[in-house]
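Engineer: Take this structure, written in structure tokens, and hold onto it; I'll ask about it next.
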Amino acid sequence: MTLQIVLNVIIAIMWMFLTETYTFVSFLSGYIMGILLLFLLRRFIPDTFYFKRVWKIIKLVFLFIKELLIANWDILKWVYKPKKDYKPGIFALPTELKSNWEITILTSLISLTPGTLSVAVSEGNSVIYIHAMDIDTNETAIEAIKTTFEQAIMEVTR
């Protein structure tokens, strides 16, 4: 992946020299040309096409923003609700993520989302303990995190 990024930057710089315009727009158009060239020549490059992973990272960021907005809206409704009937609790999230990097990303995304907080990680990185402000059932909370954040992180890192 690193080789492809370096090649793409070199292609963009060469494009700037060939067009003899040294502006950001010229660099950007050369970078886009580089992406297209690398896509066309992807079978000759040993690693998978790097822009797929970049696209998945962008999707993960937008997923986090969406979940952040939804969680903020839920917290706002709970704060201004006259009758406080939410059920806080701690639940165990069994995770398929293995590396420390993946676990760190997941726990950070969980903690940055209002209403949830990563409390602890088990010894073998197989279970994450999470405090949530309102839990109907543990299964729905676990399924919500597994289908959103955990799945998106696995797409990015694997």
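Engineer: Using every pair of alpha-carbon atoms in the range 54-96, split the distances into 5 Å bins beginning at 0 and state the percent of pairs per bin, rounded to integers.
Structural biologist: Pair shares across the bins are 5, 17, 13, 18, 20, 13, 9, 4, 1.
Engineer: Any number yet on Rg/Rh for the range 2-44, C-alpha, Kirkwood?
Structural biologist: Ratio of gyration radius to Kirkwood radius for the range 2-44: 1.00.
Engineer: Please name whichever of GLY89, GLN151, ILE128 sits farthest to the positive end of the charge dipole of the chain, dipole taken about the Cα centre and charges placed at Cβ: Lys and Arg +1, Asp and Glu -1.
Structural biologist: Positive-most Cα among the choices belongs to GLN151.
Engineer: Which of the peptides 144-153, 85-94 is most tightly packed, and how do the rest follow, judged by the mean count of other Cβ atoms within 10 Å per residue?
Structural biologist: 144-153, 85-94
Engineer: Another question about this same structure. What does the charge count near SER118 come to, summing +1 for each Lys or Arg and -1 for each Asp or Glu among other residues with Cβ under 15 Å from its Cβ?
Structural biologist: Residues close to SER118 contribute a combined charge of -2.
Engineer: Continuing with the same structure: How many nm is it between the label spots at ALA144 and TRP55, if each spot is 7 Å from the Cα in line with the beta carbon?
Structural biologist: 3.0 nm
Engineer: Report, in debye and to the nearest 20, how large the dipole of the chain comes out about its Cα centre when Lys and Arg carry +1 and Asp and Glu carry -1 on their Cβ.
Structural biologist: The dipole of the chain has a size of about 280 debye.
Engineer: Moving to a separate point now. Starting at the first residue of the range 63-80, write each ³J(HN,Hα) from the Karplus equation 6.51 cos²θ - 1.76 cosθ + 1.60 with θ = phi - 60°, in whole Hz, x for Gly and Pro.
Structural biologist: 4, 4, 4, 4, 5, 5, 5, 5, 5, 5, 5, 4, 4, 4, 5, 5, 5, 8
Engineer: In nm, what is the difference between 0.36 nm times the number of residues separating ASN72 and LEU112 and their Cα-Cα distance?
Structural biologist: Length gained between ASN72 and LEU112: 13.3 nm.
Engineer: For Cα Rg over 2.2 N^0.38 Å, one of (1) 1.42; (2) 0.94; (3) 1.02 was computed from the structure I shared and the rest are decoys. Which label?
Structural biologist: (1)
Engineer: While we're on this one: Give me the number: length gained by fully extending ILE90 to PHE17, i.e. 0.36 nm times residue separation minus the C-alpha to C-alpha distance, one decimal in nm.
Structural biologist: Net length gain for the segment: 20.4 nm.
Engineer: So between ARG158 and ARG42, what do we pick up on full extension, going 0.36 nm a residue minus the alpha carbon distance?
Structural biologist: Taking 0.36 nm per residue and subtracting the Cα distance, the gain is 39.9 nm.
Engineer: Karplus couplings for the range 48-59 from phi (6.51 cos²θ - 1.76 cosθ + 1.60, θ = phi - 60°), rounded to Hz, Gly and Pro as x?
Structural biologist: Along the range 48-59, the couplings run 5, 4, 5, 5, 4, 5, 4, 5, 5, 5, 4, 4 Hz.
Read-outs: derived from the displayed coordinates by stated rules, not from any lab. Fair warning: this is a prediction, and the values are worked out from it, not measured in the lab. Cβ coordinates were reconstructed from backbone atoms using ideal geometry, including for glycine residues, and neighbour counts include every protein chain displayed.
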